[in-house]
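Encoded as structure tokens, the structure appears first; notes follow it.
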């Protein structure tokens, strides 16, 4: 993101949306929605920080940043493999066969950086 901070804002938003789309497609399984929201929020905060460091004029306030996001919105989290009729992850784990539960837990641990 540091390399692209001096690009036009339209290009920055386009690049960030590409990254977020790929992230949501890979990690967008049932039970992972809150983690995807945290990623979205972290990208927003870091984008604002990088925009604030573009010049000597100082930082971009949140009000101005929200106006900027209205013009160039970031993609919201989306589940690509939701389980039908599931309202919580715990309920989903109880309903799935053991092999699928093991696979889901393995996929969740991949993003944790422990592997």
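Structure summary
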{"read-out": "Gained length - residue 75 relative to residue 44, 0.36 nm times residue gap less alpha-carbon distance", "value": "10.1 nm"}
{"read-out": "Length released on extending from residue 66 to residue 11, taking residue separation times 0.36 nm less the Cα-Cα span", "value": "18.1 nm"}
{"read-out": "Förster radius 30 Å - calculated FRET efficiency between residue 26 and residue 3 (Cβ-Cβ, nearest 0.05)", "value": "0.85"}
{"read-out": "Volume in Å³ per residue [convex hull over Cα atoms, computed for region 9-84]", "value": "87"}
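Readers should treat all values here as calculations from the given coordinates under stated rules, not as data from a laboratory. The structure presented is a predicted model; accordingly, all values stated were derived computationally and were not measured. Glycine also receives a Cβ, built like all others from the backbone with ideal geometry; neighbour counts cover every protein chain displayed.
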